[in-house]
Each structure stands twice: as C-alpha cells, then as structure tokens.
Amino acid sequence: MDSGFHYFLLALVFLGAYASQPLCLPGCTCSEESFGRALRCMSISLGKIPGSLPAEFKQVRIEKSPLFELPRESFINMTTLEYLWLNFNNVTVIHLGALDHLPGLRELRLQGNKLRSVPWTAFRATPLLRVLDLKHNRIDVLPERALQFLVHLTYLDLSSNRLTVVSRSVFLNWLAYQKPLKPGCRAEILSSMVLALHNNPWVCDCRLRGLVQFVKSLSLPIILVNSYLICQGPVSKAGQLFHETELSVCTKPQILTPSANFTVQVGQNVTLQCLAQASPSPTIVWTYPLSTWREFDVLSSSAANDAALSKLVIPAAGLVDSGNYTCVASNPMGTSSLSISLHVKPAQAPPASPLSTSREGNAYVDLRVAKQTVSGILLEWLAVAATHQEERFTLYIVSDETLRKEVVHIGPGIHSYAVDDLLPGTKYEACLSLRSLPPQQGQCVVFVTGRRDSGSLEGRERLLHITVVLCVVLLAVPVGTYVWAAQGLCRCRPWGLHCCPCRRKAPRCPRAAPLCKDGSFRDHPAVCQDSERHQDTEEDEEREEEDGS
C-alpha cells in the first residue's frame, strides 16, 4: 500500500512538472539554453511572426521560411527577448514600430533577406542592441544619422549589399554619439565597433572621397573586418583598392563650346559641340524649341576624366532649324547650361524638295496623326513659311465616301485639329498646303477607319501593311497611331474626284474642332463643301452597281 501511494505521488509530480512547461509552436523546437529558453523554427511555412509567442523566450530563431515583413508591434508580448535571428527568409519590409516592446534586445540578425532599406529610427526602442547583422541584403542607402540610436553597437555587418556611395559622417557621427554629455567628463569612447563593408559595388568618384579617406586613416575604436575595399566604378577606377585610389573634390559642371554662334546656308550639315567638365562626370542633354518635331542624333563620349563631350548633328539644315540650342549638363552637385545660336540663311536658288509646297515659295511642313480620340483623331502639324508674306496654310480633309472637303485656314506654327464623327470603313486623307494651293505630295497623311463588324487580328495585320505602303508614298508617320481598326483597301482615285463605288454612303462631312494654340486663328470657320456640287441619288447608285458587275 505504501509503495503504491509512493508511485502515485511521483506520477503527480511528473505530470505537474510537464504541465508547467510552455507549449512549443507546431513544427518548431524549444530548448533550454544557458541564457534561457529558446525557440527554433527552421524551414517551416511561416508567413508572419506568430502573435501568441510565450513571453519567457530569450531567443527566437526563424530561418528559411517565407516570412516577408515585420509589421508594427510584432513582438508585443516578448519584452524579455534578447536574441532575434531571422536569417535567410524573404523579409522585404521592416515597419516603423516593428521592434517596439523589445527593450532588452541585444542581437538582431537579418542575413540573407531582401531588404532594400532599414527604418533606422526603429532602433530607438532597442537601446541595448550590440549586434546588427544585415549582410547579403539589397540595401543601397545608408543615411548620415543611421547609427544615432545604436550607441552601444559593437558589430555592424553591411557587407554584400548594394551600397555605392556612403558618407564618412555616418561613422564620425557614431563616434560623436559615444562621447558622454556630462560637463567636466573626458571625451572617452564607451565601446568599439567591428564594421564590415566589403563586397559592395562602390562607385569611386568624388562623392566617396570622404569614406576613402576615412578608411585610409581608420583606427580604433572602429575595426574593419576586411580593409581591402574595392572600387567597381567608374571604369577608370574599377578594380582599385580604396588605399590605392585618389579622388578629387566634387564640382558643379562647367560647359565649354568651340563656338556659340553658327550661320550656315540651307542644306548644309551642322554639328554643335558641348564639352562639360565636372566631378562626378556629368550627363548632357540638348533642348531646343522644336525638339518634339525635329529629332537629331546626339553623339556622346568621355573626353577625359570627369569630362563629357556631346555633339548634336543636324543634317541638311533648313530654315526651320534656326534658333537657340541649349546644352544642359548636370551631376549631383548641380546643373549648368549654355545656349548655341544657329542661323540658317536661305539659298539664292533653293533646290526642289519634297517639302516644297508652292512653286512661288518654300515652306516646311510636318503633319501627323497625334492620337485617336473617342470619336475621331487628333491631327498635329508644324508649318513654317520661308518669308513673312506667306502667312497662311490650308488644311484639307477629304473622304472617299463623301466627295466633300473640309478646309481650314490657319497660320504658321504648331497647331492641332480634332476631326470627329468619322465614318466607319472609310479612308480619309489630310493635307496641308501653303495658302490655298492644291496639296502636293509630301504634306499628306492617310488614315483608315474600321468597319463595325470586323476586328480580327488577321484583318488588322492586313490593314497595317496596306496603310504603311500608302504612307511611304505620302509622309512617314509612326505606324499604328492612325490605324485603329481593320478594313480592306478600296480602289481610291485622285484627290476629291471619285470614291469607291462599292461602299458609297450618304454624303457627310466630319465635324472638326480647331484646337489652334494661337488664339487669333480660332475664329476661322471650318468650311464643308462639295468640290463638284455632287449629290447622291438612287439612280447613281444603281448605275454604279451595274458598272461594277
């Protein structure tokens, strides 16, 4: 009886001790270590930090899981946690407040994640943090005050990230944070720090000059894990060690040009040059009034260290190319610009050109379909006359179906014009000519509307090919901007005289709304007229059907 009662008491003690142990997460292991209780979760499907973790854990280790973020107040019940290891997960974001309620945290390891940035102010909640491991992430920025709340840090690993430029102030500020603030005390460093910065794509230009000098003169209390830091850029410095390279002071771009004024005859080739010197090396772009209409080749090269040469090539300059061309050079230190004036003089006997719109004078015309609208298209054009007397241009819009012309008189310059309520399955032609002269080849665009019952891919491809052929003969415009449905090609005849008998519809003139940028031309009415005063009748349609058969 006594022995049985004894075994019964032992069983109760064992069960009580087992019940007093906190439960572990499914798929994880829990253990007692020298520093306290530890939780280890390896290669389990854990997408977020569990909210029911017991408060007595001193170490939490979650690795090789799909964990992708640390939300705000992720560890609200774990005020005694000292070691947090989250290596080799998919952590991309650490939210502000994610480390709140961790006042005793000493180690934070986030190796092998996908962090692009770190909320450094979040470490205000972890004043005792001593180890911060961020290697093998994607961090590309390190703010100057990043270490403000990491005064007791003894190990910082930023190796194998994407840092290109870092200010030495990051580490000089950390030393300043270490100094006691009590009056009368000596400025003694409270701790030393082991620092890892290797295997980053350092760009060794003037912006890295301070860090390079800092590394060269580095001494206690900061110790580099690997002092052989290597430049990856620019090309002239690639492969050099920090200890071998000499970097210049950063400067704003200064621009030089062989000549700021050019005068040429019509048809001559012109090359404008711009040399910019700066550190780091600047980038150069060209701006000029007609850049959206006249695109020229730009040749760029590196003239020397911290210098860039750019050439703007204008082939066969025309009168429309006269004006100021501005070279703009920029780098992180600022932007500079220089204007070059180009004056193109008319030739005494100008040669014939496809852009010639009149036997009496010359003009530059560039007409294109800008975009499709809900019920039509938007035409845009640039028209420049050779003399001041030639002040008006005429825009013709004609349809094969209606025999009607829409005529708008507009002055030179950049203008737009909306053509609305287009007929389906119809070919339209828009031409721009000087004064009221007939449109000549070279200032016309053709656009085709689709049939309501056709929309197959095969039909669109067939139409695209036909339209390209038409536009090569007339005026090259971006393919696809004016083709917005499918239809077949009809046998269209000369301008405004005949239309396709197989698809004759009631005469109709598409409504248009002039959108001229110059307000003085907005009041000119759009005139719809029939060039031959033609009227469709049923007898005409029957006669045409018999002819077609």
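Using R0 = 45 Å, the C-beta based FRET efficiency linking Arg124 and Thr283 works out to 0.70. Peptide packing: for 130-140, 295-305, the average count of neighbouring Cβ atoms within 10 Å per residue gives the ranking 130-140, 295-305, highest mean first. Couplings 3J(HN,Hα) for the stretch 39-54, derived from phi with the Karplus relation 6.51 cos²θ - 1.76 cosθ + 1.60 (θ = phi - 60°), are 10, 10, 10, 10, 6, 10, 7, 10, x, 8, 5, x, x, 10, 5, x Hz, where x marks Gly and Pro. For the pair Arg40 and Glu107, the difference between a 0.36 nm per residue extended length and the Cα-Cα distance amounts to 22.6 nm.
Using a ≥ b ≥ c from the Cα gyration tensor of the stretch 79-233 (square roots of the eigenvalues), is it rounded, prolate or oblate, where a/c under 1.5 gives rounded and otherwise the larger of a/b and b/c decides, a/b for prolate? Could you put the intermediate results ahead of the total?
Working: a/c = 1.89, a/b = 1.07, b/c = 1.77.
Taking the square roots of the gyration eigenvalues as a ≥ b ≥ c, the stretch 79-233 is oblate.
Between Asn77 and Ala304, the FRET efficiency estimated from the beta carbon spacing at R0 = 45 angstrom works out to 0.10.
Stokes-Einstein diffusion of the stretch 117-179 at 4 °C, 1.567 mPa s viscosity, Kirkwood radius from Cα pairs, rounded to a whole number: 107 µm²/s.
With a Förster radius of 30 Å, plug the Cβ-Cβ distance of His243 and Ser192 into 1/(1 + (r/R0)^6) and report the FRET value to the nearest 0.05.
Numbers: r = 22 Å, r/R0 = 0.72.
FRET efficiency, His243 to Ser192: 0.90.
Placing dummy labels 7 Å off each Cα toward the beta-carbon, the span from Asp100 to Val374 is 4.8 nm.
Each residue of the stretch 249-257 was assigned a 3J(HN,Hα) from its phi angle through the Karplus curve 6.51 cos²θ - 1.76 cosθ + 1.60 (θ = phi - 60°); the sequence is 7, 5, 9, 6, x, 10, 10, 10, 8 Hz, with glycine and proline shown as x. Hydrodynamic analysis of the stretch 168-321 uses the Kirkwood radius over alpha carbon pairs. Inserted into Stokes-Einstein at 20 °C and 1.002 mPa s, it gives a translational diffusion coefficient of 109 µm²/s. Distances between placed amide hydrogens fall under 5 Å for Arg392 paired with Arg435, all partners being 5 or more residues away or on another chain.
A full extension of the chain between Ala347 and Asp297 corresponds to an added length of 15.6 nm, given 0.36 nm per residue minus the alpha carbon distance.
The length gained by stretching the chain between Ser416 and Val151 to full extension, at 0.36 nm per residue less their Cα-Cα distance, is 89.0 nm.
Bear in mind that the values in this text are calculations on the coordinates, not laboratory data. Computed from a predicted structure; not experimentally measured. Virtual Cβ from ideal backbone geometry, glycine too; neighbours counted across all protein chains shown.
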